Every structure is written in structure tokens, then in C-alpha cells.
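Trainee: Structure in C-alpha cells, see below.
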Amino acid sequence: MSQKKQDFLARSKEFWNPGKTQDWIDMGVDLVIDRREGYYLFDMDGQRLIDMHLNGGTYNLGHRHPELVEVLKAGTERFDMGNHHFPALARVALAEALRATAPGPDFKYTAYASGGGEAIDIALKTARHANQKRRIVSIHKAYHGHTGLAVKAGDHRFSKLFLSEDTNDEFIHVKFNDLTAMEDALRGRDVAAVIMETIPATYGFPMPEEGYLPAVKALCEKYGALYIADEVQTGLMRTGEMWACTRYGVEPDIMVTGKGISGGMYPIACVLITEACGGWLKEDGFGHMSTMGGAELGCVVAMKTLEIVQRPESRSMGQYIADFLRAGLDDICAAFPDFFIGIRQHGLVMGLMFNDPEGAKPVMKRLYENGVWAIFSTLDPSVLQFKPGLLLSQADAEETLRRMAIAVEQAREDVMGNRRRMV
Amino acid sequence: MTAQQVEPLVDISNSDAARVGRAEMMLERARWAATVFERYDREATMAIVEAVAAKAHEHAAHFGEAVVAESGFGVAAHKKIKNELTAHPLVDFYRDQDFVNARVDEARKIVELPRPAGVIFALTPSTNPIATLHFKAILALMTRNAIVISPHPAVRESSVAAAHALCEAAVAAGAPEAVIQILEHPTIPMVEAFMHSPKTNLILATGGTPMVRAAYSSSNPAIGVGPGNAPVYVDATAEITKAARRIVDSKSFDNSVLCTNESVLITTQDIEKQLKIALKSAGAHICSDDEVERLRRFLFHPRGFNVGAIGRDASWIAGECGIRVPSSTRILVAPIGRIGVEEQLSREKLCPVLALHVAKSRDAAMTQARAVLRLTGAGHSAAIHCRDEAVIMRYSGMVEAYRVIVNAPCSQGAAGFATNLAPTFTIGTGYFGRSSIGENIGPQHLVHWTRIAHNSDKGEPFGEYHGLKREFRGPLAHAPADGVPGAGAAQSPRHAPQSPALDGASKDELRRLIAEELRDLLRK
């Protein structure tokens with residue numbers, strides 16, 4: 001590590017976040033991201049990393065995608081964030097564009113937030129208003145963000161610290177892929193909504209079993225609850241369709257998108273709402289306000305993102321990348337079957353499973369040393385989140401696999417020592 | 001409705017970023033297709049080639065008519081012939097050549113492995129749009145390359161439809177998805193973005209000189225071909241009746257839009273009369289001095305060739321010039337006294353007007369033929385009708401052309417359809433014509449070979465390569481989509497939204513672009 005970086009990390013601890021700064025150092029990842037371009041990150045000491053984390057899909061189209069940079073620059077000639085009190089050109093235009101892509105014909109409105117957490121809060125408040133019920137059902141180990149309601153819907157990992165966990169029995173957590181538990185939670189007909197990441201990211205992308213999500217939706221209908229799809233990580237063509245829920249045959253009542261929607265160029269998150277759920281927008285349109293929510297520059301960037309991901313090239317590249325990486329990962333899996341024990345995959349959404357409760361951490365570290373950035377799953381550190389970009393080049397995909405094979409072997413030795421491989 | 005139809009508030013479509021962005025997405029998609037295609041063995045490759053040739057043959061007549069309707073020039077029946085020639089006969093010609101497996105040369109102790117170029121960016125012209133598209137696509141497939149086609153704007157719609165049909169046939173036969181792509185809205189800046197992209201491995205440029213020069217200036221490997229202006233010399237030893245008939249047939253074929261058509265007929269005084277009679281009976285009208293002047297004024301405007309005359313038939317042109325001819329007239333012959341910059345009719349004319357120059361002697365005729373190509377069309381084609389091999393040899397050594405067609409129609413002959421030259425719609429004009437390749441372009445130009453070279457010392461064994469097969473893993477399996485009923489198989493792409501109708505301004509722009517390119521094609 002350069003002296004310059006050491007000095008910087010000291011300042012980071014002093015002025016920004018001492019705990020987080022030190023934790024990364026302790027995990028062997030002394031990364032300070034400086035320059036970034038395409039799917040490359042450059043550490044301030046110059047090391048290049050291929051980004052397979054993408055900040056949860058934020059950089060689905062790559063870092064500083066030239067068309068997004070261009071549209072943002074051009075947008076500043078006319079817009080700024082805008083005034084959230086008034087009808088705004090860019091907000092309405094993006095809402096119209098989103099509606100055209102919505103995962104069902106009943107979608108009508110878009111409400112705006114400045115980030116995913118706030119968007120989840122809007123979604124939950126919308127459901128409570130529409131249903132006039134308070135309870136929210138989410139998945140055990142769920143993650144939906146850190147704002148007031150979103151943090152309660154998630155795992156206690158992030159709420160207890162701030163004494164912000166639910167104490168009124170309004171937020172119920174049920175096991176993923178367990179329909180009996182889901183039905184038990186809904187049976188009382190006092191649930192406003194079930195909120196569901198289509199594939200739970202922070203929990204390591206466990207895949208919904210066949211028929212699970214449609215059955216949850218059916219249970220919602222049976223017991224008068226609404227279905228909120230959290231598509232923050234799974235949307236925007238990452239599973240081969242605009243929104244992953246449609247791949248599973250689910251038509252939600254409310255849908256949330258964030259992160260990748262503006263390509264990491266300008267913060268914005270969006271809540272798509274069906275006509276039936278949008279009552280508050282008529283009853284009291286000032287009910288939720290957000291000065292930065294739906295910033296018009298963000299809307300301009302998001303419209304370009306939507307246009308890019310809908311190009312025929314995007315869909316077919318996503319398929320090629322998913323197929324190619326899977327074939328290569330299968331080979332690596334076959335070479336280290338006692339350590340790299342499985343692959344969860346839906347398109348570009350992938351969870352790599354390792355044979356140790358914290359096995360993804362050494363893999364992350366070794367990948368980092370080998371020039372690839374991918375992160376363990378916070379709520380299941382045996383699984384590495386592996387999230388290739390939608391426009392990843394063939395060369396970078398091949399390069400990633402080469403580095404991956406080396407890193408997995410090294411991590412295996414870290415965890416299992418020199419025990420003979422069972423090949 | 002899709003998001004693309006929502007009017008963008010901030011339009012960046014005219015920025016470099018937008019153009020490069022679009023180009024790189026198509027090219028990288030092509031790279032993926034090429035990467036997977038390289039895993040295919042010869043049998044799988046040829047099955048795809050055959051399927052695409054069958055589709056090309058099947059729609060030959062339809063697109064013959066469609067391009068004539070769209071561009072307003074050429075002869076549909078002749079276009080059908082060209083479209084068919086670039087289907088099965090093209091495949092047949094190369095069927096025995098293997099661009100997939102290793103070649104083993106025991107004597108030299110060298111093994112050669114074909115390595116596809118990868119991603120080919122190909123321009124197709126307005127004059128032979130579908131035939132060239134067939135030709136380049138099939139060549140690319142034979143060699144396991146992916147191709148992105150940029151059609152001429154004047155025949156955009158037909159070209160897009162034809163390319164989609166070929167790609168569908170290829171994919172149905174097992175080819176990687178999007179192995180053939182077409183740029184649906186080509187503009188000059190867009191084409192430049194493709195040419196300059198480091199994601200392009202090879203540019204195949206057929207079209208106007210500016211496009212070809214742009215290809216060579218792009219910093220990417222390019223095969224570009226220059227314009228034609230073929231001299232045809234009828235020697236006193238020729239069978240004059242046959243020669244005249246072949247020349248008229250060739251010059252009237254598809255109203256002379258092939259760059260290989262005869263442009264200036266040169267003969268000697270001793271057979272002038274006889275040749276003119278033979279031309280007339282083959283369907284030519286020999287113009288008077290006054291008619292030649294009318295033709296000259298009609299065909300050549302101060303800024304260059306009259307693009308309105310391209311691919312029109314002889315009686316239409318005669319009508320426009322006020323020349324009375326029978327409706328059966330197939331070509332107009334314009335006698336000219338000299339050849340060179342002073343005589344515009346000695347330039348390329350992509351319409352059935354043939355200049356005729358009578359030289360005093362055989363030597364003078366050859367000098368004049370050489371001058372025709374000095375004016376324009378260097379490296380392209382020339383023809384001779386002659387029974388004396390020594391004369392043929394001397395003529396061929398004089399003219400700066402890389403193909404000299406003997407006793408055959410030049411239009412078809414130079415393109416390999418009435419001779420045993422390789423059938424092509426891309427004529428290499430070589431060093432004379434500022435091109436990298438001097439022969440008819442074929443699949444061999446779309447691969448390079450990795451040469452495995454053993455120690456030449458007799459003591460070092462070469463080893464047994466004949467029994468070895470290259471490893472071909474074939475198509476990639478579809479990755480799972482866990483939890484999705486019937487997962488794995490991805491859905492086919494939704495169709496892109498229809499492009500909006502052209503408004504008046506775009507039409508004007510399109511006309512301007514076409515006119516510019518055609519003028520450049522004929523200028524030089």
C-alpha cells in the first residue's frame with residue numbers, strides 16, 4: 001500500500017467512517033476506488049479490478065456509461081433537480097416511459113424517491129393506505145434498505161443497532177420458499193402487503209422454487225394483501241426480461257426500482273403503482289414529499305437507461321454473458337467440487353456457493369488480489385454475489401473466468417488447507 | 001408501447017457518444033456471436049451456410065423487385081439472377097474448401113489452423129444491394145465470422161428485411177444468435193463510428209470512393225474496392241458478331257449497374273464498319289454526333305454524373321435526350337473521338353451507354369485502353385475479344401486491371417459468372433486501385449491461419465497430425481433460470497419498434513446522401 005493510500009485511509013477513519021474503513025482493511029480489501037470506466041475500477045494505487053459487484057446492479061451498464069454521461073451533461077443545460085411541488089417535465093416523461101415497461105397492464109403511476117430505501121418506504125406506505133391495514137410481511141433475512149419502514153422490513157442486522165426494529169408486531173418475517181409460513185402470516189387478513197425481492201440479493205440470491213412466487217401472489221389475493229416486488233437488483237434486463245417478476249409469472253401491485261435505473265450517474269428510485277393502489281395520489285397528492293426524489297436530472301438519465309436496456313443487443317448480450325460465464329464457472333466448480341459447491345443463477349443474477357459458512361469472504365479477498373471485485377452476501381457469507389454487467393465484453397468475461405479459477409483455488413487452500421481435492 | 005417511443009426530453013442522438021454507444025453494442029454482440037461460432041465444426045458450419053443459401057435463393061425474386069421499387073433503378077429480373085448467383089452457386093464454388101479444420105503439410109512440416117477474423121463490418125452498395133448482402137453474409141458464415149452490415153440508404157428497407165431473413169435462417173439452422181446484424185439507420189457519421197471502433201476486426205467496403213477511403217483511413221484492417229471503368233477491346237481477329245452480341249448483352253444486363261460492365265469500347269478502323277453493323281443487329285443504337293452531344297449533356301452535369309440516369313434503360317435515356325430509337329433498343333453507343341479528361345463519356349457510366357472509340361492501329365487501341373483506366377477504374381476490369389493469344393497477353397500486360405475477360409461478357413465474367421474466376425460481388429482492385437487485395441474477394445480473405453511450424457531439421461520428427469481432430473465444443477448451453485418453469489430456454493427478442501416514417505427533412509437528407517455517394521462513385 002502506498003504512503004498516499006495509508007494517509008488517505010487515516011483521513012477516511014478520521015472524517016468519514018472509522019468502522020467501515022477498518023473492516024475492509026481487516027478483510028484484506030484495501031480498496032479505495034479512484035478512476036472507473038466501463039466494467040473496470042481502478043484503485044487509487046492503480047490496481048485494475050473487473051467489477052462483478054456493480055453495487056447491486058447500479059452499474060449494470062458499466063461505470064460512467066458514455067451515453068449516460070452525455071445525456072446527463074446535456075440535461076444540465078436545461079434541468080436541475082426541479083421543484084417537487086409542481087408537475088415537472090422530466091418526472092412525467094420518465095413515469096410515462098416506466099409505465100410502458102411495467103410488469104402488468106394495471107400499472108399507472110410512478111412515485112419518486114431519492115434512493116431505494118425511501119422508495120421502499122413509499123411502497124409500504126402506499127400499500128398501507130390502499131389496504132387500510134398496517135402489517136407487512138417480508139422474507140427472513142430480507143434486505144430492503146435503511147429508512148424507517150424499509151429497515152423494519154429487513155433483517156434485524158440493520159435495525160437493532162439503532163433501536164429501530166419493529167416493536168409493534170407490524171413486520172412479520174417468514175422463511176423464503178416456505179408457502180405454509182407465508183399462508184400462516186396472511187391468514188389473519190390483517191396484512192397490508194407482502195414485500196419480496198424477486199431474488200433476495202443480500203441473502204445470497206437463493207432462487208425462488210418453481211411456483212413459489214406465483215403462489216405467494218395467489219395467497220396475497222386470497223387474503224387481501226398486496227404484493228410489492230422489490231426489483232432494485234433484479235430488474236433492468238438482468239434476468240433476460242425487463243423485470244424479473246414477469247419471468248416468474250407474477251404481476252405485482254406495486255413495484256420498486258432503483259440502483260441501476262440511473263446507471264450510477266444521478267441518484268433516483270421509482271415506485272410503480274397500479275391504479276387500484278394509487279388512491280393517496282388523488283386523495284392527498286402532497287402525502288409524500290421528497291425534495292430530491294425524482295430529481296429531474298435523474299429522470300433524464302433513467303430514461304436513457306430504459307432505452308439502452310431495451311435495445312435488442314442488450315437482451316442477447318445478457319444471454320451470451322450468462323451462458324458463457326455459466327459454462328466457465330461449471331468448469332471451475334468441477335475442478336474444486338469440495339469447496340465451490342454450487343451455482344445459483346438466473347441470467348446475470350448469480351450466487352456462488354462455497355463449502356464454509358463464511359467461504360465467500362476468502363474468495364472475495366483472493367478475487368480482489370487477482371483483479372476481480374465481487375462481494376460476499378452480507379446475510380449469508382457462504383455465498384458470493386456474482387453480478388456481471390449486461391454489456392460485459394467477451395474479453396472481460398473470459399478474463400474474469402481465468403482470474404476466478406486462480407482465486408477459487410487460492411481461497412480453497414485458505415479455508416481447507418492442502419487437503420487433497422476430491423476430483 | 002415501449003419506452004423508446006416516449007419522446008426524449010434531452011436528445012443526444014446526434015452526439016458521438018450516442019453513435020459510438022450504438023456501434024459498440026452491435027459490435028460487441030457480434031463479438032459474442034463470433035466467439036460462440038468459433039466453437040462450431042465444419043459440418044455444423046456448412047449446414048448453416050446451406051440453410052442461408054436456400055433462404056437467399058428463395059427470396060431472390062422478391063428482393064429483385066423490392067430493390068427496383070425502392071431505389072428506382074435496375075432490372076428486377078436481372079437482380080433476381082444476381083441474387084440467385086450469390087446463393088447456391090456461390091456455396092458450390094467453395095464447397096470443397098475447408099475454412100474450419102487444420103491443414104497438414106507433411107513436406108514442409110507445417111500445420112495450419114484457420115482463425116476467423118471475428119467481427120466483420122460490411123458495406124453494401126445501392127447498385128447490387130441484395131446480391132452483395134448475400135455474398136458477404138455467406139462468406140462470413142463459411143468462415144465462422146459474425147457480420148454487421150451497413151446497407152446503402154437508398155435500399156435500406158429491402159436490405160434490412162433481407163438481412164433479417166438470412167439471420168433467422170442461420171439461427172434456425174443452429175447459428176449463434178445475431179451472427180448477421182444490420183444497421184437499420186445508416187448515416188455517414190454512424191458508419192464512421194463502426195469503422196473506427198476497435199471492436200471491428202475487418203471492414204469489407206463496397207461502395208463509393210469516399211466510403212472506401214474512409215475504411216482505409218479508419219486504422220482498422222480493411223478490404224475496400226475502387227470503382228470500375230472497363231475498357232473492352234475488339235481486335236481484328238475477333239469473331240465480330242459474337243463479340244458484339246456479348247458486349248450488348250453485358251452492357252444491358254441490369255441496365256449496367258454492375259461496376260464490371262463495359263464502359264468504353266475500343267476497336268480499329270479496319271473492322272469499324274463491320275462491328276457497328278453487328279452491334280446494331282444485337283440491339284444497339286449508334287448515335288450521331290448530335291445525339292452524342294445530347295447524351296453527354298444529359299449524363300454529365302457540371303458537378304458530375306447525373307444520378308438520375310443510373311440503372312435506367314436505354315429507351316428511357318434516349319427519350320430524355322430527345323433521341324428517337326426503337327423501343328427494343330438495348331444500349332446506346334456513343335462514338336467518341338478521344339479518351340481522357342476532356343471526354344466525359346470516357347468515364348464510368350452506370351447505365352446502358354457505351355462509348356466507342358476507333359483507333360488507328362492495334363498499338364494505338366491498347367494505349368487508349370490503358371488511358372481509360374488511368375482516368376478512373378484502375379485495378380478493376382478490362383475485356384478483350386480476340387483470337388490471338390499473343391495479343392491477349394500484350395493487352396493484359398498493358399492495362400492496369402487485375403482481371404481481363406476474354407471473349408465473354410465483362411459484367412458477368414469479371415464477377416466470376418461467365419468465367420471460372422471466383423464468383424464475387426466485391427472486386428479487389430489491388431495496388432493499382434488503392435486496395436489491399438487484387439483478386440476477387442472470397443472466403444479466404446476472411447480468415448488468417450495460425451501456422452504450426454516444426455524444426456526443419458530432418459532429425460526432428462514432425463509427428464502425426466492427420467489423426468488429430470480440432471476440438472469443437474459447439475453451441476453454448478443456455479444458462480439456467482432457476483425457479484422459472486421450463487427454465488433455461490431464453491425467449492426470443494421482442495421485435496424492435498417500427499421506425500417512424502421519414503419526414504420531409506430526412507428524405508431530403510437521404511436524397512442528398514445518395515446523390516453524393518453516387519456522384520463520388522463516378523467521379524474520381
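The values are calculated or read from the model by the stated rules, or taken from the named source; none is laboratory data. Quick caveat: nothing in here was measured; it's all calculated off a predicted structure. Here the Cβ is made from the backbone with ideal geometry for all residues, glycine too, and neighbour counts use every protein chain on show. Side chains included, ligands, DNA and RNA excluded: accessible areas come from the protein's heavy atoms. Shrake-Rupley method; radii C 1.70, N 1.55, O 1.52, S 1.80 Å.
Trainee: Does any residue of the stretch B:222-230 turn out to be touching a strand residue (DSSP E or B) at 6+ places or on another chain (Cβ under 8 Å), more than 30 Å from B:MET366 (Cα to Cα), modelled with pLDDT under 95 and open to solvent by 10 Å² or more (accessible area, probe 1.4 Å)?
Mentor: No; the residues of the stretch B:222-230 include none that is touching a strand residue (DSSP E or B) at 6+ places or on another chain (Cβ under 8 Å), more than 30 Å from B:MET366 (Cα to Cα), modelled with pLDDT under 95 and open to solvent by 10 Å² or more (accessible area, probe 1.4 Å).
Trainee: Residue by residue through the stretch A:1-23, note down the ones that are under 20 Å from A:LYS361 (Cα atoms) and open to solvent by less than 70 Å² (accessible area, probe 1.4 Å).
Mentor: Answer for the stretch A:1-23, where residues must be under 20 Å from A:LYS361 (Cα atoms) and open to solvent by less than 70 Å² (accessible area, probe 1.4 Å): A:GLY19, A:THR21, A:GLN22.
Trainee: Something else about it: Given A:PRO252, A:PRO214, which one is farther than 17 Å from A:ALA127 by Cα and either open to solvent by 10 Å² or more (accessible area, probe 1.4 Å) or under 21 Å from the mean Cα position of the chain (by Cα) (or both)?
Mentor: A:PRO214
Trainee: Continuing with the same structure: A:ALA269 - would you say it is more than 14 Å from chain B (Cβ to nearest Cβ) and over 27 Å from A:THR58 (Cα atoms)?
Mentor: For A:ALA269, the condition - more than 14 Å from chain B (Cβ to nearest Cβ) and over 27 Å from A:THR58 (Cα atoms) - is not met.
Trainee: Here's another thing I want to ask about it. If you go through the stretch A:292-313, how many residues are part of a helix (DSSP H, G or I) and facing chain B (nearest Cβ under 7 Å)?
Mentor: Counting residues in the stretch A:292-313 that are part of a helix (DSSP H, G or I) and facing chain B (nearest Cβ under 7 Å) gives 6.
Trainee: Exactly one of (1) under 17 Å from A:GLU67 (Cβ atoms); (2) open to solvent by less than 20 Å² (accessible area, probe 1.4 Å) is unmet by A:GLY294. Its number?
Mentor: Of the numbered conditions (1) under 17 Å from A:GLU67 (Cβ atoms); (2) open to solvent by less than 20 Å² (accessible area, probe 1.4 Å), the odd one out for A:GLY294 is (1).
Trainee: If A:THR378 meets every condition in (1) on the phi > 0 side of the Ramachandran plot; (2) modelled with pLDDT under 95 apart from one, which number is that one?
Mentor: Every listed condition holds for A:THR378 apart from (1).
Trainee: Under 8 Å by Cβ, and 6 or more places apart or on different chains, what pairs join a residue from the stretch B:273-293 that is among the acidic types (Asp, Glu) with one that is part of a helix (DSSP H, G or I) and open to solvent by less than 40 Å² (accessible area, probe 1.4 Å)?
Mentor: Within 8 Å, the pairs are B:GLU291/B:CYS321.
Trainee: I've got another one for you. Taking the condition of being among the hydroxyl-bearing types (Ser, Thr, Tyr), within 20 Å of A:VAL216 (Cα to Cα) and open to solvent by 30 Å² or more (accessible area, probe 1.4 Å), how many residues in the stretch A:255-282 meet it?
Mentor: Result for the stretch A:255-282: 0.
Trainee: Take the stretch A:319-331 and flag every residue that is open to solvent by less than 10 Å² (accessible area, probe 1.4 Å) and either over 21 Å from the mean Cα position of the chain (by Cα) or over 23 Å from A:GLN410 (Cβ atoms) (or both).
Mentor: Once the filter is applied, which keeps residues that are open to solvent by less than 10 Å² (accessible area, probe 1.4 Å) and either over 21 Å from the mean Cα position of the chain (by Cα) or over 23 Å from A:GLN410 (Cβ atoms) (or both), the stretch A:319-331 yields A:ILE321, A:ALA322, A:ASP323, A:LEU329.
Trainee: I'd like to check something: does the stretch B:31-50 contain any residue that is within 11 Å of chain A (Cβ to nearest Cβ), in contact with a Ser or Thr (Cβ under 8 Å, 6 or more places away or on another chain), at negative phi and not charged (D, E, K, R)?
Mentor: Checking the stretch B:31-50: at least one residue is within 11 Å of chain A (Cβ to nearest Cβ), in contact with a Ser or Thr (Cβ under 8 Å, 6 or more places away or on another chain), at negative phi and not charged (D, E, K, R).
Trainee: So which of B:GLU38, B:GLU58, B:GLU70 is under 30 Å from A:HIS65 (Cα atoms) and assigned by TED's automatic domain parsing to the domain that holds B:GLN97?
Mentor: After ruling out the rest, the residue left standing is B:GLU38.
Trainee: Still on this model: Looking for whichever is open to solvent by less than 50 Å² (accessible area, probe 1.4 Å), within 30 Å of A:ASP284 (Cα to Cα), more than 14 Å from chain B (Cβ to nearest Cβ) and without any contact (Cβ under 8 Å) to a residue 60 or more places away in the chain here; the options are A:ALA192, A:ALA181, A:ALA150, A:ALA229. Which one fits?
Mentor: When all the criteria are applied, what remains is A:ALA150.
Trainee: Just one of (1) open to solvent by less than 30 Å² (accessible area, probe 1.4 Å); (2) facing another protein chain (nearest Cβ under 7 Å) trips up A:PHE354, so point out which.
Mentor: For A:PHE354, the exception is condition (2).
Trainee: Scan the stretch B:450-471 and give yes if some residue there is surrounded by 15 or more Cβ atoms within 10 Å (Cβ to Cβ), away from chain A (no Cβ under 14 Å) and within 30 Å of B:THR132 (Cα to Cα), otherwise no.
Mentor: no
Trainee: Being at the interface with chain B (Cβ under 9 Å from one of its Cβ atoms), touching a strand residue (DSSP E or B) at 6+ places or on another chain (Cβ under 7 Å) and buried (at least 24 other Cβ atoms within 10 Å of the Cβ) is the filter here; which residues of the stretch A:332-349 pass it?
Mentor: Answer for the stretch A:332-349, where residues must be at the interface with chain B (Cβ under 9 Å from one of its Cβ atoms), touching a strand residue (DSSP E or B) at 6+ places or on another chain (Cβ under 7 Å) and buried (at least 24 other Cβ atoms within 10 Å of the Cβ): A:HIS346, A:GLY347.
Trainee: If you take the residues of the stretch A:30-52 that are part of a loop (DSSP other than H, G, I, E, B) and buried (at least 22 other Cβ atoms within 10 Å of the Cβ), which of them is farthest from the chain's Cα centre (by Cα)?
Mentor: Restricting to residues being part of a loop (DSSP other than H, G, I, E, B) and buried (at least 22 other Cβ atoms within 10 Å of the Cβ), the top hit is A:TYR39.
Trainee: In the stretch B:55-167, which helices (runs of 4 or more DSSP H) lie fully inside it and hold 3 or more residues that are more than 24 Å from B:SER197 (Cβ to Cβ) and open to solvent by 10 Å² or more (accessible area, probe 1.4 Å)?
Mentor: Per the criteria, B:60-71, B:76-85, B:88-94.
Trainee: Here's something else I'd like to know. Please work out if B:ARG22 is within 14 Å of chain A (Cβ to nearest Cβ), surrounded by fewer than 22 Cβ atoms within 10 Å (Cβ to Cβ) and not in a helix (DSSP H, G or I).
Mentor: So B:ARG22 does not fit the description; no.
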